[in-house]
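Scroll down for the structure; my scribbles are underneath it.
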Amino acid sequence: MTWDWNFAIEIFPRIFDAMWITLGATVAAYVIALIFGLVLTLLRRTRLKPLKWLTVGFIEFVR
């Protein structure tokens, strides 16, 4: 099997477009995870015992 440069050059624009979609999805997931993590942190530090226990239980379950 040999490397087909014509095919590689032909599909490069599609790969480049897909790269931007992947980067956008990565940034969006990072922002969502950052907000969700901040909310969980604040809920874990609350003085309401049942809410704190539920949050700690969820965090430990995910871990």
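The values are calculated or read from the model by the stated rules, or taken from the named source; none is laboratory data. The structure displayed is predicted, hence computed values, not measured ones. Cβ placement follows ideal geometry from the backbone for every residue including glycine, while neighbour counts extend to all protein chains displayed. Just the protein is used for accessible areas: all its heavy atoms, side chains included, with ligands, DNA and RNA removed. Shrake-Rupley method; radii C 1.70, N 1.55, O 1.52, S 1.80 Å.
Before moving on, here are some points about what is shown:
- Cα long-axis angle, helix 49-62 against the chain (0 to 90 degrees, to the nearest 10): 30 degrees
- Solvent exposure of the chain as accessible area per residue, Å², 1.4 Å probe: 98 Å²
- Label-point separation in nm, Leu40 to Trp20, each point 7 Å along Cα→Cβ: 3.3 nm
- Between helix 5-44 and the chain: long-axis angle, C-alpha atoms, 0 to 90°, nearest 10: 0 degrees
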